[in-house]
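To start, the structure itself, in structure tokens.
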Amino acid sequence: MATMRDIKRRKASIESTEQITKAMKLVATVKLQKSRVKAENSRLYFNMMYQTIQEMLKKSMGIEHKYLKAGDSKKKAIIVVTSNRGLAGGYNANIIRLVTGSGVSMEDARIFAVGRKGRDGLARKGYEIAADYSDMINEPLYSDAMQITRELLNLFGKNEIGEIYLAYTSFKNTVSQVPRFMKLLPVDMNAVEREAGSETGSSQDLLLMNYEPEEAEVLDAIIPKYLSSLIYGAFLEAVASENGARMTAMDSATNNAEEMIEKLSLQYNRARQGSITQELTEIIAGANAIEG
């Protein structure tokens, strides 16, 4: 049975931990408010960019372009967006699990890590870390997304990678974040065709997409912007998700600490009461022995 001293020490340790988790929750709450506004304000633009590209391709079936077909290489680039710090519940573990269960074999995957936790977790599992952009996730900029896009398109053009994927966490609300795994290149024409087939007969299908000057030049210009937009949007969603996950985790940790402190206080009071009772019993027994 734990002594009063042991209980007191453990209680003091948990109280110190509770103060830390409260402080971290407060910091995460402030960061969440800022990152959530950025993510929500930019979401409309990125969704519109995605829909615009889909509409262009849907009305332009039969186009032959390098960004619309897989490269010769079997290697697949996966941009993995996680955090540089832990204590965020299952935020990082969910992305690692998403990548390992994506169906992309470890031998074919080349990881382009944005976040040290994802980089380290996948490296331990044997994945190839082709590049590390972990510093970008601290303060994401659109120029960061452009840099990654240029490097990946360069590798795609050299046939060093045949497909490009993106793994990140989409921010739904404060307590709900959804891991997502999406294909960036080549553009999934099967999905576009299915969407077009679901709208057969509508007036939209009667419209033709005209390109000026040429199809290839237009797609060469707009698809890199499309990729940069999706990657930057994923950065903003991921930062908001990380702060939401950390706030929730620290709130849960604080509540658990409070429950443990209550239990330890009860144990301490019982142990103290038992010690006092024992001392009184010994005094009374001694007094009776003297009198006898």
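All of the numbers you see were taken from the coordinates with simple rules; none came from a lab. None of these values were measured; they are calculated from a predicted model. In this analysis, Cβ positions are derived from the backbone assuming ideal geometry, glycine residues included, and neighbour counts consider all displayed protein chains.
Between beta-carbons, use under 12 Å as the cut-off and find the net charge around Ala257, counting Lys and Arg +1, Asp and Glu -1. Intermediate results must be reported in sequence, preceding the final value.
Numbers: positive: Arg10, Lys11, Lys22, Lys25, Lys263; negative: Glu15, Glu18, Asp251, Glu258, Glu259, Glu262.
Local net charge: -1.
Can you tell me, using C-alpha contacts under 8 Å and at least 6 residues apart, the relative contact order of the chain as a whole percent?
Details: 397 pairs, mean separation 91.2, N = 292.
RCO, the chain: 31 percent.
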Computed over the stretch 1-158, the distribution of all Cα-Cα distances in 10 Å bins, rounded to whole %, is 8, 24, 31, 20, 9, 5, 3, 1
Of Gly162, Gly89, Gly126, which is the most mobile in a GNM of the chain whose springs link Cα atoms less than 10 angstrom apart? Gly126
Summed residue charge, Cβ within 13 Å of Thr174's Cβ, Lys/Arg positive, Asp/Glu negative: +2
Please list, ordered by chain and number, the residues whose modelled amide H lies under 5 Å from the amide H of Ile79; skip anything fewer than 5 residues away on the same chain. Phe112, Tyr165, Leu166, Ala167
Report the one residue of Tyr211, Ile7, Ala167 whose Cα lies farthest in the direction of the positive end of the charge dipole of the chain (charges on C-beta: Lys and Arg +1, Asp and Glu -1; origin at the Cα centre). Ile7
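Applying a 10 Å radius around every beta-carbon, put 148-154, 130-136, 216-222 in order of their mean neighbour count, most first. Display every interim value, and only then the final one.
Working: 148-154: 18.6, 130-136: 16.9, 216-222: 14.9.
Top to bottom by mean Cβ count within 10 Å: 148-154, 130-136, 216-222.
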Cross-link partners among aspartates and glutamates for Lys125, C-alpha distance below 18 Å, same-chain residues fewer than 8 apart left out? Glu107, Asp108
With a cut-off of 8 Å between alpha carbons and a minimum separation of six or more residues, what is the relative contact order of the stretch 38-170 in percent? 33
So the label point goes 7 Å from the Cα of Arg272 along Cα→C-beta, right? Which residues of the stretch 1-19 then have their backbone N under 11 Å from it? 8
Listed peptides 41-51, 15-25, 73-83 by packing density, highest first (mean Cβ within 10 Å): 73-83, 15-25, 41-51
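Just how large is the dipole of the chain about the Cα centre, in debye to the nearest 20, putting +1 at every Lys and Arg Cβ and -1 at every Asp and Glu Cβ? Write down the numbers at each step before the final one.
Numbers: 38 positive and 37 negative charges, 200 e Å.
Taking the Cα centre of the chain as origin, the dipole is about 960 debye.
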Size of the dipole of the stretch 1-114 about the Cα centre, Lys and Arg at +1 and Asp and Glu at -1 on the beta carbon, nothing else charged, in debye to 20? 480
Local electrostatic count, Glu242, Cβ distance below 12 Å [Lys/Arg +1, Asp/Glu -1]: +4
Extreme residue, positive dipole direction of the chain, given options Thr100, Gln54, Ala253 (C-beta unit charges): Ala253
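Pairs Lys59/Lys225; Lys38/Lys183; Lys69/Lys225; Lys11/Lys38; Lys117/Lys263; Lys31/Lys158: which exceed 30 Å Cα-Cα? Kindly include the intermediate steps, with their values, before the conclusion.
Values: Lys59/Lys225 20 Å; Lys38/Lys183 24 Å; Lys69/Lys225 18 Å; Lys11/Lys38 41 Å; Lys117/Lys263 34 Å; Lys31/Lys158 40 Å.
Where the Cα-Cα span goes over 30 Å, the pairs concerned are Lys11/Lys38; Lys117/Lys263; Lys31/Lys158.
Evaluate the charge dipole of the stretch 91-193 about its Cα centre and quote only its size in Debye, nearest 20, assuming +1 on the Cβ of each Lys and Arg and -1 on the Cβ of each Asp and Glu. Present the calculation step by step, with values, prior to reporting the outcome.
Details: 12 positive and 13 negative charges, 80 e Å.
Computed charge dipole of the stretch 91-193: roughly 380 debye.
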Which of Thr52, Thr254, Thr29 moves the most in a Gaussian network model of the chain with Cα springs under 10 Å? Thr52
